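Report on the structure given below.
The values are calculated or read from the model by the stated rules, or taken from the named source; none is laboratory data. If you're wondering where the values come from, they're calculated on a predicted model, not measured in any experiment. Virtual Cβ from ideal backbone geometry, glycine too; neighbours counted across all protein chains shown. Protein only, heavy atoms only, side chains kept; ligands, DNA and RNA dropped before computing areas. Shrake-Rupley method; radii C 1.70, N 1.55, O 1.52, S 1.80 Å.
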Amino acid sequence: MNQGEASPDRDAAVVRSVRATSTQPAAVTTHFLATQAAHDVMAAGGNAVDAAVAANAVLGVVLPDTCGPGGDLFALVHLPGEHVPFALNASGKAGSRAHAALLRDAGHTEIPMRSPWSVTVPGCVDGWEALVGRFGTESLARVLEPAIAAASEGFPVSEELSDSLRRLHSGIGHQPSAAALYPGGAAPQAGATLTRLDLAATLRDVAQGGRTAFYEGRVGAGITAATEGIVTPDDLAAVQADWIEPLHLEVFDVNGWTIPPNSQGYLALAGCWIAAELLEGLDPRDPGYHHALIEAYRSVAWERDDLVSDPQTAPQAAAALVDPVRLAERTAAINPDTVAVWPQMGRAPGGTMYLCTRDRTGLAVSLIQSNFHGIGSRLGAGDTGVFLHDRGAGFTLRPGHPNELAPGKRPLHTLAPTLWTDGGDLRLVLGTRGGQYQPQLLIQLAAHHLAAGVPLAEAMALPRWTVDHWGRRKRHVVLVEPEMPETVLNGLRRCGHRVERVQGTQAGWGPMAAIATTTAGVEAAADPRVSTSSAWVG
C-alpha cells in the first residue's frame with residue numbers, strides 16, 4: 001500500500017497513519033466506511049466540509065452507539081490564509097416545558113437519565129445544513145448519499161458494535177427505531193451485514209427537504225412524543241446552529257482554538273498553557289513530564305461544573321477562562337515534586353465520535369458529534385431509526401446555578417474539538433471521544449506532538465493516562481495504560497500520585513484523530529485503540 005495514497009476501502013481499517021510529502025487531502029474517522037465517504041466526496045470535487053458532513057452521516061449509520069442525527073454537533077473550520085477559524089455551535093436547547101422546579105418537586109436531585117427530561121433538541125441536522133450551506137461546494141443531498149447507501153445496502157458489523165448492541169438490547173430493544181438493529185430479535189454477530197432501512201428513509205427525507213423535513217416532519221413528531229411534550233413543535237422549528245467566536249490561546253508557539261462554553265474545550269487550551277510553563281527540558285520518557293501534564297489539567301478541571309453553561313448564564317466570559325494572568329496563578333500553585341490538592345470535580349461519561357478532514361486547498365474541519373451516554377437517552381423518535389441523545393443530563397437541578405435546567409438553555413457539553421494554527425497556516429486538527437476525559441487526552445497528544453516534537457503517529461500510539469478522581473476526601477487516581485514505563489509510574493508515585501495500571505489499552509480513552517501539517521507535508525493519524533478507525537491521505 002502506497003503510504004501517500006492509502007486505500008480508504010475496508011482494508012483502511014488497519015491504516016493508522018498516512019503521510020504525503022505534498023499538499024494532499026486527508027481524512028481521519030472512527031470507521032473505515034466514513035473515511036471512504038470522505039475520500040469519495042473529495043475525489044468527486046467536494047471540499048473538506050462536504051467530506052466531514054458525509055463522514056459524520058455515515059458514522060451515524062454504522063456506529064449508532066456513538067453518534068447520529070439525534071445528537072449534537074460542534075465544528076471548527078479553517079480557511080487557508082485566515083487567522084481565525086470559524087466556529088459552529090450546533091448543540092440543542094432544552095424544551096419549553098423543561099423546568100428544573102418540576103423535577104425538584106418530584107423529589108429528584110439530578111436529571112433522570114434515560115428519561116424524556118434528558119432529551120434536548122438535537123442540533124446535528126441543523127449543524128449539517130449550516131456547514132454545507134456556508135462552506136460546502138456540494139448539496140446536502142449529494143453529501144448524504146454515502147450514508148443513505150450504507151443504511152439501505154448494508155454494512156459490516158464491527159466487534160465493538162456487536163458487543164455494544166448486545167449490552168444495549170434490554171434498554172432499547174423495545175423501541176421501534178431499534179428493530180433494524182436487532183434482526184431476528186438479537187444483536188448481530190461481528191462480520192454480519194446490517195441494513196437500517198428506517199434510517200435510510202429518514203436521511204432521504206433530509207436530503208430532499210433539509211432541516212424542515214427532519215425537525216418538522218416524522219422525526220420531529222417522534223421527538224415530541226418521546227419527550228412527552230417537553231420538547232414542543234415550536235422548539236423544533238427554531239434553528240439550533242449558531243456561528244460563534246472561537247476561543248483562542250497561544251501555546252506551544254502556535255495558536256490553539258476550540259469551542260467556548262457551553263463546551264468544556266477551554267480545559268484543553270488552559271491545561272496546555274500551564275503545562276508549557278512546566279515542560280522545559282522534559283519529554284514523555286520523564287516522570288516529571290507526565291506529572292506536569294496531570295497537575296496542569298487538575299489545576300483547572302476541578303471548577304468546570306461551576307463555570308461551563310449556556311453562554312447567556314455563564315458566570316464568566318469565555319476569554320476569562322483562558323486569561324494568562326489567571327492561568328499563571330494556577331501554574332504557580334503547582335509543585336514539580338508533589339501533588340497539589342484541589343476541590344472535587346464531578347464525572348461526566350459520554351459516547352461520541354470525532355473526525356477531521358483536509359482538502360487540497362488547505363481547508364480543514366475539526367468536527368465532533370455525539371449521543372452522549374452511548375446511544376443516548378435510549379428513546380427513539382418513533383420508527384425513524386433516530387435515537388435521541390441525553391445531553392440534558394449535562395444540566396444541574398441546583399437552584400440559581402448557571403447551568404440549572406431551564407427552557408431554551410444549552411447544557412454543559414463535554415465535546416471539545418480543537419484546531420491549531422500558525423498565523424494563517426494550519427498546523428494540527430485534533431479531537432477525541434471520551435466524555436470527561438477529552439481535555440486530558442487532548443493535552444497529552446498536543447504536548448507530545450507540539451511541545452516534545454514526537455511524530456504524530458508515534459504520539460498517537462504512546463501510552464495514555466487519565467485522572468479518574470479528584471478531591472480532598474478521596475485522593476485522585478491516575479490510571480495508566482500497560483505500556484507506560486515503570487520508571488514513569490514510580491516517579492509519579494514519588495510525587496504523591498496514586499497510580500494504577502489498567503488491563504490492556506483503553507478504547508474509551510479515545511479514539512483520537514489528527515491531521516498535521518509540517519514542513520515534510522501532511523500526516524493523518526488514527527487511533528490504534530479502536531479496530532475500525534482509519535486514516536487516509538490522497
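One line per residue, one yes/no per condition, for (1) of a type outside the set (Phe, Trp, Tyr); (2) over 18 Å from the mean Cα position of the chain (by Cα); (3) open to solvent by less than 10 Å² (accessible area, probe 1.4 Å):
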{"site": "LEU33", "(1), (2), (3)": "yes, yes, no"}
{"site": "HIS39", "(1), (2), (3)": "yes, yes, no"}
{"site": "ALA43", "(1), (2), (3)": "yes, yes, no"}
{"site": "ALA54", "(1), (2), (3)": "yes, no, yes"}
{"site": "LEU63", "(1), (2), (3)": "yes, no, no"}
{"site": "LEU73", "(1), (2), (3)": "yes, no, yes"}
- Task: Taking only the stretch 484-510 into account, find how many residues are closer than 18 Å to THR35 by Cβ and modelled with pLDDT of 95 or more.
- Result: 0
- Please state which one of ARG134, ARG196 is surrounded by 16 or more Cβ atoms within 10 Å (Cβ to Cβ) and among the basic types (Lys, Arg). ARG196
- Give me the pairs: first residue in the stretch 267-281 and farther than 22 Å from LEU415 by Cβ, second residue open to solvent by 40 Å² or more (accessible area, probe 1.4 Å) and at pLDDT below 95, beta-carbon distance under 8 Å, and six or more apart or on different chains, which are they? LEU278/PRO336
- When (1) at pLDDT 95 or above; (2) within 23 Å of GLY510 (Cα to Cα) are applied to PRO402, the one that fails is (2)
- Item | Failed item, numbered, when ALA87 is tested on (1) open to solvent by less than 10 Å² (accessible area, probe 1.4 Å); (2) part of a helix (DSSP H, G or I); (3) not aromatic (Phe, Trp, Tyr) | (2)
- Task: Only one of these is over 30 Å from ARG398 (Cα atoms), open to solvent by less than 10 Å² (accessible area, probe 1.4 Å) and part of a helix (DSSP H, G or I): VAL28, VAL58, VAL77. Name it.
- Result: VAL58
- Query: Counting just the residues of the stretch 253-296 that are open to solvent by 10 Å² or more (accessible area, probe 1.4 Å) and of a type in the set (Gly, Ala, Ser), which one comes out nearest to ARG326 (Cα to Cα)?
  - Reply: ALA276
- Take the stretch 299-340 and flag every residue that is free of Cβ contacts under 8 Å to residues at least 40 places away in the same chain, open to solvent by 40 Å² or more (accessible area, probe 1.4 Å) and within 29 Å of GLU110 (Cα to Cα). GLN316, ALA317
- What tally of residues in the stretch 417-447 results from selecting those that are surrounded by fewer than 24 Cβ atoms within 10 Å (Cβ to Cβ) and on the phi > 0 side of the Ramachandran plot? 2
- Query: If you check GLU129, GLU110, which single one turns out to be assigned to a loop (DSSP other than H, G, I, E, B), closer than 30 Å to PRO311 by Cα and open to solvent by 30 Å² or more (accessible area, probe 1.4 Å)?
  - Reply: GLU110
- Query: Name the residues in the stretch 377-395 that are over 19 Å from ALA180 (Cα atoms) and open to solvent by 20 Å² or more (accessible area, probe 1.4 Å), would you?
  - Reply: ALA393
- Query: What are the residues in the stretch 208-254 that are among the small types (Gly, Ala, Ser) and without any contact (Cβ under 8 Å) to a residue 12 or more places away in the chain, if any?
  - Reply: GLY209, ALA213
- Task: Name the single residue, out of those in the stretch 396-416 being open to solvent by less than 10 Å² (accessible area, probe 1.4 Å) and not aliphatic (A, V, I, L, M), that is farthest from the chain's Cα centre (by Cα).
- Result: ASN403
- Query: Can you tell me which of SER115, SER177 is over 22 Å from the mean Cα position of the chain (by Cα), surrounded by fewer than 22 Cβ atoms within 10 Å (Cβ to Cβ) and among the polar types (S, T, N, Q)?
  - Reply: SER115
- Restricting attention to the stretch 214-252, report how many residues are open to solvent by 30 Å² or more (accessible area, probe 1.4 Å), assigned to a helix (DSSP H, G or I) and aliphatic (A, V, I, L, M). 3
